[in-house]
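Notes for the one structure printed next.
The values are calculated or read from the model by the stated rules, or taken from the named source; none is laboratory data. Values in this document were obtained by computation on a predicted structure and should not be read as measured data. As a convention, Cβ positions derive from the backbone with ideal geometry for all residues, glycine included, and neighbour counts pool all protein chains shown. These area figures cover heavy atoms from the full protein model, side chains too; ligands, DNA and RNA do not enter into them. Shrake-Rupley method; radii C 1.70, N 1.55, O 1.52, S 1.80 Å.
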Amino acid sequence: MEQLLNQIEGYKNEIETAILPDNEALEAFRIKWLGTKGIVKNLMGEMKNVPNDQKREFGQVMNAFKILAEEKYETAKLLAENEPPANLEDTDWSLPGDPMPLGSRHPISLIRNQIVSIFKRLGFAVSEGPEIEDDWHNFGALNLPEDHPARDMQDTFYVSQNPDWMLRTHTSNVQIREMEKGKLPIRLIMPGRVYRNETISARAHCFFHQVEGLYVAENVSFADLKQTLYFFVKEMFGQDVKVRFRPSYFPFTEPSAEMDISCLICGGTGCNVCKQTGWVEILGCGMVHPNVLQNCGIDPNKYTGFAFGMGIERITMLKYGVKDLRLFSENDLRFLKQFTPAG
Ligand code: 2NL
């Protein structure tokens, strides 16, 4: 009897640790333990050899043992039935696939790509640079005096570890770095993200996107600037759009101008978008200030250049009729889905 009980303990352990992943293993288990010539039946047969006063105890042990084997079998069978088919031939390949939603390009990327491709056709290459910049490349080289309001903490995000560093407020830092390389002529556009310490509203954000352009060579004139921008605007907004230049001021250009286009919404008769003027401002431009050329080691008596800068958000809002700047950074799919799927 003692020997039998020890044997049953060993069997119990074997049953508990058995791994039954598939039908084949399950059937082998059933035959070995629960079959008509199986171990459970076999042990039951030992009852006749157990002394009478121990038959009751043995009966109880055997019952529990039988239940253990049966439960192991039933649970493993249930698990195996719920397993995905291990065999690829069991898969129904004709079932429809899981949907894979197609993303779409961000409207800012769409417009940036259009701007870049128009200027590429005029021979402009693309250049990019750091978003964290030092005072010289963001302000100093651009002829901004020490007390210029843009340098104020209120307008610019400074890096707290180093008062000389800041998040760039325009992409002009890239132009400065290109001019410092001293390879002329330069005909480049610089798209990128810029940062300003603004209170966020429908019309202002603490970051936005810009494309700036720069052409420096011998004999570059204001006429070249105007013709380049005429071409750009007509490609971007259509051949019928009208253009006007208004004198303006930037520390880094002289002379400077702002360029307006005839309002796309009302066609020039006056509406909310153009504030009843018939015109909307789209960019600032001018001839590169001689001090800026000098600061970058370029001889202003030999070379001249023009530069311009535009906000991509502004152009995108005009093209698509977007009324709130915040939509561009909220990642609301209902907004983003309205633009062309990524190709
Ligand atoms: C605007 C006006 C402008 C420039 C940017 C520039 C850069 C260098 C030298 C001279 Cl390195 N000028 N950039 C010039 C005129 C206007 O941007 O309203 N941008 C949104």
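Data table
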| item | result |
| --- | --- |
| Any hit, segment 195-205, residues being open to solvent by less than 10 Å² (accessible area, probe 1.4 Å) and hydrophobic (A, V, I, L, M, F, W, C) | no |
| Test: Ala204 is of a type in the set (A, V, I, L, M, F, W, C) and without any contact (Cβ under 8 Å) to a residue 24 or more places away in the chain | no |
| Arg112 vs. criteria within 30 Å of Phe208 (Cβ to Cβ), under 60 Å from the mean Cα position of the chain (by Cα) and open to solvent by 90 Å² or more (accessible area, probe 1.4 Å) | no |
| Top-ranked residue of segment 143-157 - restricted to ones that are open to solvent by 10 Å² or more (accessible area, probe 1.4 Å) and among the polar types (S, T, N, Q), ranked as farthest from the ligand (Cβ to nearest atom) | Gln154 |
| Residues of segment 207-227 that turn out to be outside any strand (DSSP E or B) and within 11 Å of the ligand (Cβ to nearest atom), as a count | 1 |
| Residue check for Pro96: surrounded by fewer than 10 Cβ atoms within 10 Å (Cβ to Cβ) and touching a residue at least 12 places away in the same chain (Cβ under 8 Å) | no |
| Single match in Ser221, Ser160 (criterion: small (Gly, Ala, Ser), without any contact (Cβ under 8 Å) to a residue 12 or more places away in the chain and either surrounded by fewer than 16 Cβ atoms within 10 Å (Cβ to Cβ) or over 28 Å from Ser117 (Cα atoms) (or both)) | Ser160 |
| Selected residue (only one of Met310, Met287 is open to solvent by less than 30 Å² (accessible area, probe 1.4 Å) and over 35 Å from the mean Cα position of the chain (by Cα)) | Met287 |
| Which numbered condition Glu178 misses (of (1) surrounded by 15 or more Cβ atoms within 10 Å (Cβ to Cβ); (2) more than 14 Å from the ligand (Cβ to nearest atom); (3) acidic (Asp, Glu)) | (2) |
| Single condition Ser262 does not satisfy, out of (1) in contact (Cβ under 8 Å) with a residue 12 or more places away in the chain; (2) within 16 Å of the ligand (Cβ to nearest atom) | (2) |
| Test: residue in segment 163-171 that is touching a helix residue (DSSP H, G or I) at 6+ places or on another chain (Cβ under 7 Å) and in a strand (DSSP E or B) | yes |
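Yes/no matrix, rows are residues, columns are (1) in contact with a strand residue (DSSP E or B) (Cβ under 8 Å, 6 or more places away or on another chain); (2) more than 16 Å from the ligand (Cβ to nearest atom); (3) within 19 Å of Thr171 (Cβ to Cβ):
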position: Gly268; (1), (2), (3): yes, yes, no
position: Val273; (1), (2), (3): yes, yes, no
position: Val280; (1), (2), (3): yes, no, no
position: Gly309; (1), (2), (3): yes, no, yes
position: Asp332; (1), (2), (3): no, yes, no
position: Phe339; (1), (2), (3): yes, yes, no
